[in-house]
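Visitor: One structure is given below, represented as structure tokens, and several questions about it will come after.
The values are calculated or read from the model by the stated rules, or taken from the named source; none is laboratory data. As the structure is a prediction and not an experimental result, all values here were calculated from the model. Heads up, the Cβs are rebuilt from the backbone with ideal geometry, glycines too, and the neighbour counts pull from every protein chain shown.
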Amino acid sequence: MKTTPSPQPQKTTLTLTGMPGAGKSTLGVLAAKILGMDFMDTDLLIQSHEKMRLSEIIEQKGLDAFREIEARHVAALKVSHTVIATGGSVIYSEKAMENLASQGPILHLALSLPELAKRLGNLDERGVVRKPGQSLEALFHERMPLYRKWADAEITCDGLSMDDLLCRIRQIFPPLSP
Ligand SMILES: Nc1ncnc2c1ncn2[C@@H]1O[C@H](COP(=O)(O)OP(=O)(O)O)[C@@H](O)[C@H]1O
Ligand SMILES: O=C(O)C1=C[C@@H](OP(=O)(O)O)[C@@H](O)[C@H](O)C1
Ligand SMILES: [Mg+2]
């Protein structure tokens, strides 16, 4: 039997989740800068590992295949001192989310449905993972409980500038600040 507890892996990442268009990629890089952390966008990680642009993966292999590829890469991701901007569909993978949660807190960037509709425009052109013909509203209601299930904190981003959001991040996660 062990006499000393095994060291717990340090939780040093900050993962951003949320619907496409919520601002994960844009805010993530700025948050990394002010927190003195590295930055990773899992969409870019997938592109680099697959040696294809995200749009090519989706066009040539389809949305279901993209979802599996995303789940595989994010479930295998191991980083530290890093702000991670995820792709919105990673929330469908329990294994990927467990892996992200094991490395640090998860912040859900929430945005209201009307604001999302304004930011996203045509869903087909953006390659959003959804069932054929599924509306943005239906997708929003399908995903919202999943984002909330995994989130340690949530910011509703409507009407907030990048500076407002960075301020909120500093307030919520002071231990991550240098
Ligand atoms: N707080 C914000 N206020 C206004 N526009 C924003 C804000 N956050 C992001 N955006 C804009 O929304 C779009 C989507 O942002 P992006 O970071 O790509 O989102 P995600 O990575 O969550 O899909 C971009 O055009 C970005 O400039
Ligand atoms: O939510 C989604 O279905 C997707 C979101 C995208 O990333 P962003 O959330 O960064 O836009 C990208 O991973 C892919 O187009 C699928
Ligand atoms: Mg993004």
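Visitor: Can you tell me which of (1) over 27 Å from F173 (Cα atoms); (2) more than 16 Å from ligand 1 (Cβ to nearest atom); (3) of a type outside the set (V, I, T); (4) surrounded by 18 or more Cβ atoms within 10 Å (Cβ to Cβ) is the one E56 doesn't meet?
Guide: All conditions are met except number (4).
Visitor: Can you tell me which residues in the range 64-91 are more than 19 Å from Q10 (Cα to Cα) and surrounded by fewer than 16 Cβ atoms within 10 Å (Cβ to Cβ)?
Guide: Matches in the range 64-91: D64, A65, E68, R72.
Visitor: Looking at the range 100-107, is at least one residue part of a helix (DSSP H, G or I) and within 16 Å of ligand 1 (Cβ to nearest atom)?
Guide: Looking for residues that are part of a helix (DSSP H, G or I) and within 16 Å of ligand 1 (Cβ to nearest atom), one finds at least one in the range 100-107, hence yes.
Visitor: Being within 16 Å of ligand 1 (Cβ to nearest atom), surrounded by 12 or more Cβ atoms within 10 Å (Cβ to Cβ) and within 30 Å of I69 (Cα to Cα) is the requirement here; does G127 meet it?
Guide: yes
Visitor: Ok, one more. Residue pairs, Cβ under 8 Å, 6 or more apart or interchain, first in the range 146-168 and more than 17 Å from G28 (Cβ to Cβ), second among the β-branched types (V, I, T) and within 16 Å of ligand 3 (Cβ to nearest atom). List them.
Guide: L146/I91
Visitor: For residues that are touching a helix residue (DSSP H, G or I) at 6+ places or on another chain (Cβ under 8 Å) and assigned to a loop (DSSP other than H, G, I, E, B), scanning just the range 27-53, find the one that is farthest from ligand 1 (Cβ to nearest atom).
Guide: M52
Visitor: Quick one: how many residues across the range 54-79 are assigned to a loop (DSSP other than H, G, I, E, B) and modelled with pLDDT of 95 or more?
Guide: Looking only at that region, the number is 3.
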